[in-house]
Structures are given as C-alpha cells and as structure tokens.
Amino acid sequence: MAILLIALLSIAVWYAALQEFLKPERKQSSRKIMTLTSTGTLLTVVLTISFFQDLAIF
C-alpha cells in the first residue's frame, strides 16, 4: 500500500515538474524546478530499490 502511495506521489511530482518546464522561460521558477526534480528523483530511487528488493532473484 505504501509503495502505491509513493508511486502516485512520484507521478504527481514529475507531472508538476513537466508543467513547470513547459512554461515560457521568463515565467519558470528555478527554485521550484530544482525542488520538484530533487523530490522526483528521490521518490524514483525509493521505488526502484523497493522493486528490486521485491524481485528476490537470489
């Protein structure tokens, strides 16, 4: 259940980052872009690690 919430949050963060990138350059907030990108990256890393732990290859 927690992974589902993290996945949905990650999608929302990356969508918000994309919307900020699509704005004209004059209206973009570099602080907002950095925050969204950092948060999205962290959530994606958490999801990736969780996915590989659940595979149990060994």
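Could you list, ordered by first residue, the pairs with Cβ atoms under 8 Å in which the first is in region 18-39 and touching a residue at least 24 places away in the same chain (Cβ under 8 Å) and the second is part of a helix (DSSP H, G or I) and among the aliphatic types (A, V, I, L, M), at least 6 apart or interchain? Final answer for the pair search is Thr39/Val13. Based on what the data block shows, is Val13 under 8 Å from the mean Cα position of the chain (by Cα) and surrounded by 12 or more Cβ atoms within 10 Å (Cβ to Cβ)? So Val13 fits the description; yes. Answer yes if at least one residue in region 25-41 is open to solvent by less than 60 Å² (accessible area, probe 1.4 Å), closer than 21 Å to Ile3 by Cα and of a type outside the set (Val, Ile, Thr), and no otherwise. Yes, that holds for at least one residue.
Counting only residues that are open to solvent by 60 Å² or more (accessible area, probe 1.4 Å) and in a helix (DSSP H, G or I), how many does region 1-10 have?
At the first step, the residues of region 1-10 found to be open to solvent by 60 Å² or more (accessible area, probe 1.4 Å) are 1-5, 8-9.
With the extra rule that they be in a helix (DSSP H, G or I), the set shrinks to 2-5, 8-9.
Qualifying residue count for the region: 6.
Check region 45-54 and report whether any residue there is farther than 26 Å from Leu4 by Cβ and part of a helix (DSSP H, G or I). Looking for residues that are farther than 26 Å from Leu4 by Cβ and part of a helix (DSSP H, G or I), one finds none in region 45-54, hence no.
The values are calculated or read from the model by the stated rules, or taken from the named source; none is laboratory data. Please read these numbers as outputs of a predicted model, since none were measured by experiment. Virtual Cβ from ideal backbone geometry, glycine too; neighbours counted across all protein chains shown. Side chains are part of the model used for accessible areas, which takes the heavy atoms of the whole protein and leaves out ligands, DNA and RNA. Shrake-Rupley method; radii C 1.70, N 1.55, O 1.52, S 1.80 Å.
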